[in-house]
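Read through the structure below, which is laid out as C-alpha cells, and then see the notes.
The values are calculated or read from the model by the stated rules, or taken from the named source; none is laboratory data. Source: prediction; values computed, not measured. All Cβ positions, even for glycine, are placed from backbone atoms using ideal geometry, and neighbour counts span all protein chains on display.
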Amino acid sequence: MPNTIIPKNIPEARRQIQPQLEWLARWLDNVFEIPGLGIRFGFDSIIGLIPGIGATVTSLASLYILEAARRHGVARVTLVRMALNIVIDTAVGAIPFVGDLFDLYWKANLKNLALLREHLDTTPEEERRARRGDWLFVGALSLGVVAVVIAGVIGSYLALKGLVQLLAR
C-alpha cells in the first residue's frame, strides 16, 4: 500500500483493516495458549526471552501497525497512545524475567489494533469523544512518568545524603 493517508469518506471495503495487520498482531501477542491455564502469548513473549535484543526486535514489528494507523488517518493523540503502548512493551519487556511475565499481560499489538478498529468504526462525533479519552490517557501517563522521575530524584538525593552522613562518621 502506498504511503498515503486513507480518508474516512471512501468506501467501507477499502477502510477495512488489512489482513496482515490482524495476522501480525495475533502472532505477536496471542497465537499460543498454555494448556489448562488459558494464558495466551505470542512471539513477542518468546523473542523477548533473548536478552538485550528481544524486546527491540518485536517493537520494530509493532511499528508496522503504528504506520498503518497513520496511513488510515488516526488522530495524532491516538498515534501517541499507540506509540506509548509500544514504548511500555519495549521498556518493561527489556527487564529480565519481569518483562517476560509482563508480556503475558501487556499485548501492545492487540491494543493498537483495537485503537485502529475504533478509529475505522466511529462517526466523527464519536471520534472526538475518543480523542478526549486519548488525551486523558496520555496526560495521566505523562503525569505518572513525571511523578516517577521526581520520586527517583528525591530518592537518589536522600540515599546520597544518607551515604555522605554515614561516611562522615
With respect to residue 115, is the statement that it is farther than 15 Å from residue 87 by Cβ, of a type in the set (A, V, I, L, M, F, W, C) and at pLDDT 75 or above true? no
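So is residue 90 modelled with pLDDT of 85 or more, under 21 Å from residue 31 (Cβ atoms) and not hydrophobic (A, V, I, L, M, F, W, C) or not? Before you say what the answer is, go through the steps one by one.
On the way: modelled with pLDDT of 85 or more: yes; under 21 Å from residue 31 (Cβ atoms): yes; not hydrophobic (A, V, I, L, M, F, W, C): yes.
Spelling it out, residue 90 is indeed modelled with pLDDT of 85 or more, under 21 Å from residue 31 (Cβ atoms) and not hydrophobic (A, V, I, L, M, F, W, C).
Here is a yes/no grid of residues against (1) touching a residue at least 12 places away in the same chain (Cβ under 8 Å); (2) farther than 18 Å from residue 24 by Cβ; (3) in a helix (DSSP H, G or I):
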| position | (1), (2), (3) |
| --- | --- |
| 99 | yes, yes, yes |
| 112 | yes, no, yes |
| 115 | yes, no, yes |
| 132 | no, yes, yes |
| 139 | no, yes, yes |
| 144 | no, yes, yes |
| 153 | no, yes, yes |
| 157 | no, yes, yes |
| 163 | no, yes, yes |
Of all residues in the range 114-136 being of a type in the set (Asp, Glu) and over 25 Å from residue 23 (Cα atoms), the one that is surrounded by the fewest Cβ atoms within 10 Å (Cβ to Cβ): 125
Go through the range 116-164 and count every residue that is among the hydroxyl-bearing types (Ser, Thr, Tyr) and within 17 Å of residue 76 (Cβ to Cβ). 2
Can you go through 73, 42 and tell me which one is surrounded by 20 or more Cβ atoms within 10 Å (Cβ to Cβ), within 29 Å of residue 140 (Cβ to Cβ) and either of a type outside the set (A, V, I, L, M, F, W, C) or touching a residue at least 60 places away in the same chain (Cβ under 8 Å) (or both)? 42
